[in-house]
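Trainee: I have a structure I would like to understand better, so I am pasting it below and will then ask my questions one at a time.
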Amino acid sequence: MTNNTEAQIRVRFAPSPTGFPHVGNIRTALFNWLFARHHGGTFILRIEDTDTARRVEGAVESIMDGLRWLGLDWDEGPVFQSDRLHLYRAAAETLIHKGMAYHCFCTAERLEQVRAEQARQKLPPRYDGRCRTLDPAQAAQRVADGEPSVVRFKTPIEGETVVHDLIRGDVTFSNTILNDYVLLKSDGYPTYHLANVVDDHDMGITHIMRADEWISSTPLHVMLYDAFGWRPPAFAHLPMILGPDKAKLSKRHGATTVTEYREQGYLPEALFNFLALLGWALDDKTELFTRDELVAAFSLERVGKTAAVFNMPKLDWMNGVYIRGLTREAFAQRALPYLERDLPASVVRPLDLNYVVQVAALIQERTKVLSEVAGLSDFFFVDTLSYTSADLVAKGMDAGGTLAALQAVSQVIEIIEPWEAATLESTVRPMCDTLGLSAKQLFGVLRVALTARTAAPPLFDTMEVLGKARTLKRLADAASTVKL
RNA sequence: GCCCUCAUCGUCUAGAGGCCAAGGACGCCAGCCUUUCAAGCUGGAGAUCAGGGGUUCGAAUCCCCUUGGGGGCACCA
């Protein structure tokens, strides 16, 4: 699978710490990681923290946390761009000396005016080039005098730039529509464009895999590589992930950050599998992949071009598949923290793991996300149930019959030993005849008495896990609840 | 407004000229199983392959136009 050339492959995931990583970002990380692992290459984490204003406290930790949770381990980094400002400044200087960049002294207000005027004339908003023709010596003097400035790239005003993209093919941009982009901001920090190009070159990145939204700024990057005399890496612009409204996925689409998926109880291996299928498919049928299978199967050639809507119901299904695939012990282990978190405060912690394993076995195949385990099983943990007399009386029955059934069953099972589901069933089921009830009716009454709900795990398994004492207690409570 | 781009069931997708009167998955519906809910099994509805022109003996697949969607156009990334 790997040969000498491939072993050189170096890719990176380069998020900016301006918020918590959402699934779109993570999918990009996943593809980079898969590509690196498939080819035996290197996966690098780089933090693009050049926007001092939008920096968010804790974002870096949550990015790393999310990557670790999904098992996307990085080989180098995290590299912080804020530690490398000298590199970008030197690079900007180089370009100024080459006459390919210049200092611009235009104020934010003037830029604003220019844009407003262009908008009024329905022209594309772009820098009008006022400082482009300033005398470099004079400009240098003004900078030396302390006048604030930015460094702009002297974008060629004619010709065209072709971006070779592994997924899109060749994409041609006319240089006339390109802007004199800012390379270095007035605070001395580089913009994304400069830092990105300098770093990717410096770090020996061979393939840039990033979301499709970046393709518009790629011609600038190509020109920058050119201006520096560097060979650009290969580009692969990945199809975007959309919300249900088909717009770029964002906060307003509900749970989009990885952290939230974890809190809701999605299994990392399920999200991993699901995300891999957003914009990539192996064939016409395979949907379930282990991590290793994905690493072995992944290829850029099979990445699609069309944006994909994030299909929540399918994720739920897939999560359910992964949950059912767990051993009951593993499932209990995974469910435990969610139970501790979600069960009512009245339930004593810590929970007994052996008991949780027994409960877990009964709800496992009914669970899609771990955040619902407490709701599915709380009656196994709480002391008192809440239901009314009417809830107890099954369809076609009256209060008297219900009470009689409850008492009859209590009496019969009281002497059952050993307390096992099979024995309970073989004892109670025949009582339907004696009591003149259908199984549906009798079991329905018992179900409400024991669980306070109409949908629950199999009755006799529930009794077994509840234990004789609690079962009898609940039947007695139910009997006293019935209003004749 | 300008630039780029995409276009197969509601959604994720297979399809790289004939194997496609379009296959799989999720979801939906029905039946079976069954003490409920799930799970499982079986079956079903669901795409005139956005529309219109070409090219070709033959097009979902190639070309053009239209339409629609998405993205970009900051001293944000």
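Trainee: Tally time: how many residues in the stretch A:13-48 are within 13 Å of RNA strand B (Cβ to nearest atom) and among the β-branched types (Val, Ile, Thr)?
Mentor: Matching residues across the stretch A:13-48 total 4.
Trainee: So, one more: As an exercise: evaluate A:Leu238 against (1) under 21 Å from A:Lys305 (Cβ atoms); (2) open to solvent by 10 Å² or more (accessible area, probe 1.4 Å); (3) not hydroxyl-bearing (Ser, Thr, Tyr) and give the number of the one condition it does not meet.
Mentor: Only one criterion in (1) under 21 Å from A:Lys305 (Cβ atoms); (2) open to solvent by 10 Å² or more (accessible area, probe 1.4 Å); (3) not hydroxyl-bearing (Ser, Thr, Tyr) is unmet by A:Leu238, namely (2).
Trainee: Turning to a different aspect of this structure: Any idea which residue in the stretch A:147-159 is farthest from A:Lys185 (Cα to Cα), counting only those that are within 14 Å of RNA strand B (Cβ to nearest atom) and assigned to a loop (DSSP other than H, G, I, E, B)? Step through it out loud before you land on a result.
Mentor: Within the stretch A:147-159, the subset within 14 Å of RNA strand B (Cβ to nearest atom) is A:147-153, A:155, A:159.
Remaining after also requiring assigned to a loop (DSSP other than H, G, I, E, B): A:147-149, A:155, A:159.
Details: A:Glu147: 13, A:Pro148: 10, A:Ser149: 8, A:Thr155: 17, A:Gly159: 27 Å.
Among residues in the stretch A:147-159 that are within 14 Å of RNA strand B (Cβ to nearest atom) and assigned to a loop (DSSP other than H, G, I, E, B), the one farthest from A:Lys185 (Cα to Cα) is A:Gly159.
Trainee: Checking A:Val56 against (1) within 13 Å of RNA strand B (Cβ to nearest atom); (2) farther than 30 Å from A:Thr155 by Cβ; (3) crowded, with 17+ Cβ neighbours inside 10 Å; (4) among the hydrophobic types (A, V, I, L, M, F, W, C), only one condition comes out false. Which one?
Mentor: (3) is the only condition that A:Val56 fails.
Trainee: Which condition does A:Lys185 not pass, out of (1) open to solvent by less than 20 Å² (accessible area, probe 1.4 Å); (2) closer than 23 Å to A:Leu95 by Cα, if it passes all the others?
Mentor: The number of the failed condition is (1).
Trainee: Can you pull out the residues in the stretch A:187-210 that are farther than 19 Å from A:Arg126 by Cβ and within 8 Å of RNA strand B (Cβ to nearest atom)?
Mentor: Looking only at the stretch A:187-210, we keep the residues that are farther than 19 Å from A:Arg126 by Cβ, and these are A:187-190, A:195-210.
A:Asp187, A:Tyr189, A:Pro190, A:Ala195, A:Asn196, listed by residue number.
Trainee: Taking the stretch A:356-370 as the search range and keeping residues that are within 12 Å of A:Gly320 (Cα to Cα) and not hydrophobic (A, V, I, L, M, F, W, C), which one is least open to solvent (accessible area, probe 1.4 Å)? Lay out the reasoning, then the answer.
Mentor: Of the stretch A:356-370, the ones within 12 Å of A:Gly320 (Cα to Cα) are A:363-370.
Now restrict to residues that are not hydrophobic (A, V, I, L, M, F, W, C): A:364-368.
Working: A:Gln364: 20, A:Glu365: 127, A:Arg366: 95, A:Thr367: 1, A:Lys368: 93 Å².
Only one residue fits best here, namely A:Thr367.
Trainee: With the structure loaded, tell me whether A:Val348 is open to solvent by 40 Å² or more (accessible area, probe 1.4 Å), of a type in the set (A, V, I, L, M, F, W, C) and farther than 25 Å from A:Thr257 by Cα or whether it fails that test. Lay out the reasoning, then the answer.
Mentor: Values: open to solvent by 40 Å² or more (accessible area, probe 1.4 Å): yes; of a type in the set (A, V, I, L, M, F, W, C): yes; farther than 25 Å from A:Thr257 by Cα: yes.
Yes; evaluated as a whole, the condition is true for this residue.
Trainee: Are any residues in the stretch A:249-267 open to solvent by 20 Å² or more (accessible area, probe 1.4 Å) and in a helix (DSSP H, G or I), and if so, which ones?
Mentor: Of the stretch A:249-267, the ones open to solvent by 20 Å² or more (accessible area, probe 1.4 Å) are A:250-254, A:257, A:259-260, A:262-264.
If the condition is that a residue be open to solvent by 20 Å² or more (accessible area, probe 1.4 Å) and in a helix (DSSP H, G or I), then A:Lys251, A:Arg252, A:His253, A:Thr259, A:Glu260, A:Arg262, A:Glu263, A:Gln264 are the ones that fit.
Trainee: Near RNA strand B (Cβ under 9 Å from one of its atoms) and under 25 Å from A:Glu61 (Cα atoms), is that true of A:Ala247? I'd like the intermediate steps shown before the answer.
Mentor: Working: near RNA strand B (Cβ under 9 Å from one of its atoms): yes; under 25 Å from A:Glu61 (Cα atoms): no.
Here the answer is no, as A:Ala247 does not meet what is asked.
The values are calculated or read from the model by the stated rules, or taken from the named source; none is laboratory data. Since the model is a prediction, treat every value here as computed from it, not as a measurement. All Cβ positions, glycine included, derive from the backbone under ideal geometry; neighbour counts span all protein chains shown. Quick note on the areas: whole protein, heavy atoms, side chains included, nothing else; ligands and nucleic acids left out. Shrake-Rupley method; radii C 1.70, N 1.55, O 1.52, S 1.80 Å.
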